[in-house]
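J.: Got a structure here, written out as structure tokens. Questions coming.
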Protein chains: 2
Amino acid sequence: MSRSIDSFEISRRRFGALAGAAGLSMGLGSRLVSPAFAEAVADSAEIIQGKVPGLLVHNAKLGVMETPLTLLRKYAHTPKEILFCRFHFPHEGNAAWYATTAAPDRKDWTIRVDGLVQRPRDVTLADLEKMGQEKRVSVIQCAGNGRSYYAARQKVAGGQWKNGGMGNVKWEGVPLRPFLDELKMVPSSEATWLTAEGWDQPATPEGTDFAKSYHLDDPALDHAIIALKMNGEPIPACHGGPVRLIIPGYYGNMNVKLLSGLLFAAAQSPSAYQSLGYRMPIMPVEPGKFGANDYTLSNSVPTYGHTIKSVIFSPLPDDNPKAGAVEITGVAFNDGVAPITSVEVSADGGKSWQNAEIETPESPWAWHHWSAKASLAKGAAVLMSRATDALGRTQPIDGLARWNPRGYEWNGVERLELTVA
Amino acid sequence: MSRSIDSFEISRRRFGALAGAAGLSMGLGSRLVSPAFAEAVADSAEIIQGKVPGLLVHNAKLGVMETPLTLLRKYAHTPKEILFCRFHFPHEGNAAWYATTAAPDRKDWTIRVDGLVQRPRDVTLADLEKMGQEKRVSVIQCAGNGRSYYAARQKVAGGQWKNGGMGNVKWEGVPLRPFLDELKMVPSSEATWLTAEGWDQPATPEGTDFAKSYHLDDPALDHAIIALKMNGEPIPACHGGPVRLIIPGYYGNMNVKLLSGLLFAAAQSPSAYQSLGYRMPIMPVEPGKFGANDYTLSNSVPTYGHTIKSVIFSPLPDDNPKAGAVEITGVAFNDGVAPITSVEVSADGGKSWQNAEIETPESPWAWHHWSAKASLAKGAAVLMSRATDALGRTQPIDGLARWNPRGYEWNGVERLELTVA
């Protein structure tokens, strides 16, 4: 009795087709970095409305850009005008509305909470706004931040991020676990995963939607919020507004933008962004022996929490430092699971180290500002910093030991070359 | 960092709260049959707008009613005005619109296709209307049809259905499997169940939403359609319009009304309508030893396909049959998996049997009309009919052997007592 359906057009998510969008998807591997894009790089302010000019653009078509540290260090909370951006799908057609720092006007935004539950629910933005809100100051960081440094071993495809694919942001929203509890959906005992789905869609039929799955018993979810505000304002479209899942301490991709669905499931999402992308090999791998498509659910894990990291904010080469006494400052952060106990600083390329002073952070997941006094001699200087936490987790001296074919989770000891005048 | 959310109101599905609806739910067991309802039984035409008067009302509050056989036998395809009805939730408040045989005006109806897939999709009614449509003539029958006959062993709670909780209906819609294939959602290999979700919701927080799960490799899904029409017209609201999943040959509850979601999952829905209700014990059970809440996923199975059944349509007691030659007619049907090979008829209470003639049915799932010539003597007569299919499946002489505490799947040999004038 069955026969084929005539070919038909399916409504794209809620708001119609991404008409005319170019063919880009996670599944297409090396096509992610197309030479055609590199030819016509526009300024950051032209690519995303509301961004300042001069951000470092990695991919104009996808709106991928990072913040120069000279800008980043100016603000306690990174403003929307300078915060790094990472789109997964081209922002054309009906998706173009989110290539802006303005808050999207989406009164009809709905999150479908569904899956292995007795009572699936639709929750609107208006519903969320009525619920109790909590704040989370936390670092948001692209899992690819620092990818360019892996090139010292072998260059990795993708945006060649330096250190500016991160920011310290104040989020505000509805705490996830009480939210799910209050919905009284009665999940099945077989529901062991929670999948967050993003509204945005790939431009091609071969592409896979963006989704991330979390173990339902993951303690990180205890702190997660369904965020409606960023730095006190509605979340800009380009940063995942109107609704973004924020899991403090987790890499950016785990903080699903344009949140449209939360699913209770007995297995994790087959989205390529869960099963193939944004994963780290469990064992160390060699360039040429383990490729970008060799990831499996068993030989790799998602990029969950931030590996411990420190970054030097001052002096930077643009500061044209002069010989003599200098204060070396920067930030450190980890996944928030254990306190950061020390930041060691070297002003002589690692020959000698001293402990920096660490300011009390705003939260376990926020930037930890640190500073150390040193003296610089005229000529070439190499500054270094290394953070360690109470679990003994620290930054590897040789970050290249963690080389991986998708270039994630760079956290090698920070090393900054300066010319001292 | 976590604290409780202030109490809040959640949007009911898509169209707001079921304000004021009475507390009824699957989970409340015996409260389903409340004496309060029995006191004020209105006529069928008052309970559901567009129904003819005189249908046999089992539950006015829930809009449960069946068709007298004297009406049912008049039509090749059972018209909406007389077709049996079975609501699960009180049709009050914002849900009251579906207590009508009118087609719901729901231009914004959307089916969410989601779960363990790479690309979840929203499909609108307009999308569905553009797709290729197929027809299915099939019996739709409440799993509780004939429940009253179990009372001869021990009465079972619930609507005391006679034989009229069924109809022969022409459905039309989009074939399910090609539909799912065309969406190119790329389900996970772990997705072994498909769950259909209904839009309607229980009135109380304790209630469970309506959902049914099917094995994804169930051959019955090969014939399933996402139905948009019933007997050539938009599906009436009270029969599950605007969109109802029709799985020909499956009991009514498996044909999810007001279809709002299709989920790929690694486990079946924890909805009480899947895990507790509409199930048959695997082994024969005894009254008093196995109760209505003793069902588990392992000791019982859902009421899938119609057990083979025949019903006598003529002569009925209301026909006041007279002694002499008579044509005994009726219908038979099963799950459509194997052809019905015989209908045996007895006019003497089972002492002697003859084979009826069976008309070629419109489809494997449609009513099979049959007829047999007999002679009746004045006085009491007992007519019987018994259908058998090519798999050797037949109606038990003693239907009470299949007694079960929720009173489903009655298919004892049909037995009709008459007084012949």
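The values are calculated or read from the model by the stated rules, or taken from the named source; none is laboratory data. On a predicted model such as this, the values are computed, not experimentally measured, just so you know. Cβ atoms come from the backbone with ideal geometry, glycine included; neighbour counts cover every protein chain shown. These area figures cover heavy atoms from the full protein model, side chains too; ligands, DNA and RNA do not enter into them. Shrake-Rupley method; radii C 1.70, N 1.55, O 1.52, S 1.80 Å.
J.: Please name whichever of B:S342, B:M283, B:H215 sits farthest to the positive end of the charge dipole of chain B, dipole taken about the Cα centre and charges placed at Cβ: Lys and Arg +1, Asp and Glu -1.
T.: Positive-end residue among those listed: B:M283.
J.: Further question on the same structure: So the label point sits 7 Å from Cα along the Cα-to-Cβ vector; using that for A:K289, what distances do you get to the other copies, in nanometres, sorted shortest first?
T.: 6.5
J.: Just which residues of segment B:256-294 lose 50 Å² or more accessible area with every protein chain there, against their chain alone, with the probe set to 1.4 Å?
T.: Correct list: B:A267, B:P270.
J.: Please list, in order along segment B:292-306, the HN-Hα scalar couplings obtained from phi with the Karplus expression 6.51 cos²θ - 1.76 cosθ + 1.60 (θ = phi - 60°), rounded to whole Hz, x for Gly and Pro.
T.: Couplings: 5, 10, 8, 6, 10, 5, 9, 9, 8, 10, x, 6, 6, x, 4 Hz.
J.: Another question, if that's okay. What is segment A:208-317 by shape, rounded, prolate or oblate, if you read a ≥ b ≥ c off the alpha carbon gyration tensor as root eigenvalues and call it rounded for a/c under 1.5, prolate for a/b larger than b/c, and oblate otherwise? Intermediate values should be presented prior to the final figure.
T.: Values: a/c = 1.90, a/b = 1.16, b/c = 1.64.
The shape class here is oblate.
J.: So, one more: Okay, which of segment B:295-323 sit inside 19 Å, backbone N to the point 7 Å along the Cα-Cβ direction of B:I282?
T.: B:295-305
J.: Normalised by the residues of chain B, what does the relative contact order come to in percent, with Cα pairs under 8 Å and at least six apart? Before the final figure, lay out each step's value.
T.: On the way: 1051 pairs, mean separation 66.0, N = 421.
For chain B, the relative contact order is 16 percent.
J.: What is the Cα radius of gyration of segment B:309-420 over 2.2 N^0.38 Å, N being its residue count?
T.: Values: Rg = 14.1 Å, N = 112, 2.2 N^0.38 = 13.2 Å.
Ratio of Cα Rg to 2.2 N^0.38 Å: 1.06.
J.: On average, how many beta carbons from a partner chain sit within 10 Å of the beta carbon of a residue in B:103-112? Write out the running numbers ahead of the final one.
T.: Working: counts 0, 0, 0, 0, 0, 0, 0, 3, 0, 6.
So the per-residue partner count for this stretch is 1.
J.: With a Förster radius of 22 Å, plug the Cβ-Cβ distance of A:H215 and A:K130 into 1/(1 + (r/R0)^6) and report the FRET value to the nearest 0.05. Can you show the working numbers first?
T.: Details: r = 29 Å, r/R0 = 1.33.
After rounding, the FRET efficiency stands at 0.15.
J.: Could you pull the Rg and Dmax for the protein assembly as shown, using just the Cα atoms, both in Å?
T.: Every Cα atom of the protein assembly as shown included, Rg and Dmax give 33.0, 125 Å.
J.: May I ask you to derive the relative contact order of segment A:113-229, considering only C-alpha pairs under 8 Å and at least 6 residues apart, and to give it as an integer percent? Please list the in-between numbers first.
T.: Values: 158 pairs, mean separation 33.8, N = 117.
Relative contact order of segment A:113-229: 29 percent.
J.: Simple spin-label model, 7 Å along Cα-to-Cβ: B:D348 to B:Y75 in nm?
T.: 3.9 nm
J.: For chain B, compute Rh as the Kirkwood radius over C-alpha pairs and then the Stokes-Einstein diffusion coefficient at 10 °C and 1.306 mPa s; write the answer in µm²/s, rounded to an integer. Please report the intermediate quantities before stating the final value.
T.: Values: Rh = 22.3 Å.
Calculated translational D: 71 µm²/s.
J.: For segment A:5-302, what % of the accessible area comes from carbon and sulfur atoms, probe 1.4 Å? Walk me through the numbers on the way to the answer.
T.: Numbers: 5320 of 10110 Å².
The computed percentage sits at 53.
J.: Tell me the relative contact order for segment A:182-241 as a rounded percent, counting alpha carbon contacts under 8 Å between residues six or more apart. Don't skip to the answer; put the middle values down first.
T.: Numbers: 42 pairs, mean separation 14.3, N = 60.
RCO, segment A:182-241: 24 percent.
J.: At a Förster radius of 60 Å, what calculated FRET efficiency corresponds to the Cβ-Cβ distance of A:A380 and B:S189, to the nearest 0.05? Could the numbers behind the result be given before it?
T.: Values: r = 56 Å, r/R0 = 0.93.
So, using R0 = 60 Å, E works out to roughly 0.60.
J.: Place the peptides B:169-178, B:246-255 in order of packing, highest mean first, counting for every residue the other Cβ atoms within 10 Å and averaging per peptide. Write out the running numbers ahead of the final one.
T.: Numbers: B:169-178: 22.0, B:246-255: 25.3.
Final packing ranking: B:246-255, B:169-178.
J.: Another one. Between copies, how far does the label point of A:E92 sit from its twins, in nm, shortest first, when each point is 7 Å from Cα along Cα→Cβ?
T.: Ordered by increasing distance: 5.5 nm.
J.: Using amide H atoms built 1.01 Å from N in the peptide plane, name the residues 5+ places from B:V139, or on other chains, whose amide H lies under 5 Å from its own.
T.: Correct list: B:V169, B:G249, B:A366, B:W367.
J.: Interface size between chain A and chain B, please: total buried accessible area, 1.4 Å probe, rounded to the nearest 100 Å². Can you show the working numbers first?
T.: Details: alone 18090 and 18110 Å², together 31130 Å².
The buried area between A and B, both sides summed, comes to about 5100 Å².
J.: Given a 1.4 Å probe and every protein chain left where it sits, what share in percent of the accessible area of segment B:339-421 is carbon and sulfur? Intermediate results must be reported in sequence, preceding the final value.
T.: Numbers: 1980 of 3890 Å².
Result for segment B:339-421: 51 percent of the exposed heavy-atom area is carbon or sulfur.
J.: What are the ³J(HN,Hα) couplings of segment A:402-417, residue after residue, when phi is run through the Karplus curve with 6.51, -1.76, 1.60 and θ = phi - 60°? Round to Hz, x for glycine and proline.
T.: With the stated coefficients, segment A:402-417 comes to 9, 3, 8, x, 9, x, 9, 6, 4, 8, x, 3, 5, 9, 10, 8 Hz.
J.: Please work out the average accessible area per residue across the protein assembly as shown, using the 1.4 Å probe convention, and give it in Å².
T.: Details: 31130 Å² over 842 residues.
Result: 37 Å² per residue.
J.: Here's a follow-up. State, to one decimal in nm and shortest first, how far the label point of B:E129 sits from each corresponding label point in the other identical copies (label point: 7 angstrom along Cα-to-Cβ).
T.: The projected label point of B:E129 is separated from its counterparts by 3.2 nm.
J.: Which of the peptides A:376-386, A:118-128 is most tightly packed, and how do the rest follow, going by the mean number of other Cβ atoms within 10 Å of each residue? Let's see the in-between values first.
T.: Numbers: A:376-386: 17.8, A:118-128: 20.4.
The most tightly packed comes first, giving A:118-128, A:376-386.
J.: Shielding of A:175-182 by partners, i.e. mean partner chain Cβ atoms within 10 Å per residue? Mind showing how you got there, number by number?
T.: Details: counts 5, 1, 3, 5, 3, 1, 2, 6.
Rounded to a whole number, the mean comes out at 3.
J.: Hey, another quick one. How far, in whole Å, is the nearest Cβ of chain A from the axis relating it by rotation to chain B, and which residue carries it?
T.: Residue nearest the A-to-B axis, with distance in whole Å: A:A266, 2.
J.: Then there is this: Quick one: putting +1 on the C-beta of Lys and Arg, -1 on the C-beta of Asp and Glu, what dipole do you get for segment A:309-420 around its Cα centre, in Debye to the nearest 20? If you can, show how the numbers build up before the last one.
T.: Details: 10 positive and 14 negative charges, 65 e Å.
Here segment A:309-420 has a charge dipole of around 320 debye.
J.: Across peptide B:123-133, how many C-beta atoms of other chains are within 10 Å of each residue C-beta, on average? Working shown, then result.
T.: Details: counts 3, 3, 0, 1, 4, 1, 1, 5, 6, 6, 2.
Average per residue, whole number: 3.
J.: Need the C-alpha centroid separation for segment A:171-186 versus segment A:211-283, integer Å.
T.: Their Cα centres are 14 Å away from one another.
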